[in-house]
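The values are calculated or read from the model by the stated rules, or taken from the named source; none is laboratory data. Given the structure is predicted, the values throughout are model-derived calculations rather than measurements. Virtual Cβ from ideal backbone geometry, glycine too; neighbours counted across all protein chains shown. The area values use the complete protein model at the heavy-atom level, side chains included, leaving out ligands, DNA and RNA. Shrake-Rupley method; radii C 1.70, N 1.55, O 1.52, S 1.80 Å.
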Amino acid sequence: MAEVTIVGAGVIGLSCAVRLLEAGHRVRVVGRNLTPDLTSAVAAAVWYPYLAEPRDRVTGWSAATLAEFTALAARGADGVVMTPGTEIFRERVAEPWWTSAVPAVDRIVEPRPGYAEGWSFVSPVIEMPVYLPWLVARVRELGGTIAQRDVASLAELDGIVVNATGLGARELVGDTTMKPVRGQVVYLEQVGVDRWWIDDNDLRNPTYVVPRSRDIVVGGTEDHAAEDLVVDPATEDAILARARALVPELADAKVIGRNIGLRPSRPTVRLEREGDVVHCYGHGGAGVTLSWGCADEVVSLL
């Protein structure tokens, strides 16, 4: 078994750590930032392949991750809840490309006023402020270590290295194809919403409503190459207007928080071995959705 250092302590790095430890490897995780100060912690985190390519590999990783989250929810893992929901469209569309990863998908006619059809299925909603600490505890339970460390070069590290640095790969390995995609979200008080909704008709301003145990995450934005982490009030107002039009039950829900994350986007996810380094980054807006499938492939590459 190998000595493995994972650089990056987000959902990808921690999932890889769990799988490698389960396979018998000795693992330490190091990250510039640790939970909760991570992009992963901002995610609304409903299972949904978003801003990730290539589709054939993404479909396989997504299916494996969906199966694992389904099993985790059945075992009562912290922060994982199987939740019904619908993606809706204003015009008739072909069956979405990702449906082959889902055991059962139903086509719904006129799911909301003004919408022609939707595709409904049961998806895991992962409450990241709860799930990430669960992942951390699982790594430590299996004998792994987690430490805060700023790694300037992979050459500093001995043995096998897993590069799960997300957007940090721009500087760490000089990957100029990595681009941030800024996403702004609003947290509303939980007012009894128990389904998620996604409206991607405006690709630059996707609308989603994701219920969690303590709040409801609504978004969002898809601002390519933007890195500003300051919340924009006008953008927040627009997000709320779209979300409340989509889900009228939110009309009187109070705003209890807001956040911004930078999705680590790349033309294709990079998951490959290069000497003693396994690269696993560039998951766009689908880090949670691809996490366990990619972790399984990282193990196979070792």
Protein chains only, probe 1.4 Å: how do Met82, Met128, Met1 rank by accessible area, largest first?
Met1, Met82, Met128
Please identify the GluC sites (Glu not before Pro) of the range 168-277 that satisfy two criteria: DSSP loop assignment and at most 10 other Cβ atoms within 10 Å. Which are they?
none
Using a 1.4 Å probe over the heavy atoms of the protein chains, calculate the carbon and sulfur portion of the accessible area of the range 3-301 as a whole percent.
51 percent
Under 13 Å from the Ile108 label point (7 Å along Cα→beta-carbon), backbone N, the range 231-248
246-248
Between Leu302 and Glu156, what length in nm is gained on full extension when 0.36 nm per residue of separation is reduced by their alpha carbon distance?
50.6 nm
Apply 1/(1 + (r/R0)^6) to the Cβ-Cβ distance of Arg55 and Val130, taking R0 = 22 Å, and write down the FRET efficiency to the nearest 0.05.
0.10
What FRET efficiency, computed as 1/(1 + (r/R0)^6) with R0 = 22 Å and r the Cβ-Cβ distance, is obtained for Arg149 and Met1, rounded to the nearest 0.05?
0.45
Where a label projected 7 Å from the Cα of Lys254 along Cα→Cβ would reach, residues of the range 187-231 with amide N under 15 Å:
187-192, 215-216
Accessible area of the range 3-301 divided out per residue, in Å², using a probe of 1.4 angstrom
42 Å²
The chain: relative contact order in percent, alpha carbon pairs under 8 Å with at least 6 residues between
27 percent
Starting from the 7 Å offset along Cα-to-Cβ, what nm value, one decimal, do you get for the label separation of Asp194 and Phe89?
2.9 nm
Points 7 angstrom from Cα along the Cβ direction at Thr268 and Val231: gap in nanometres?
3.9 nm
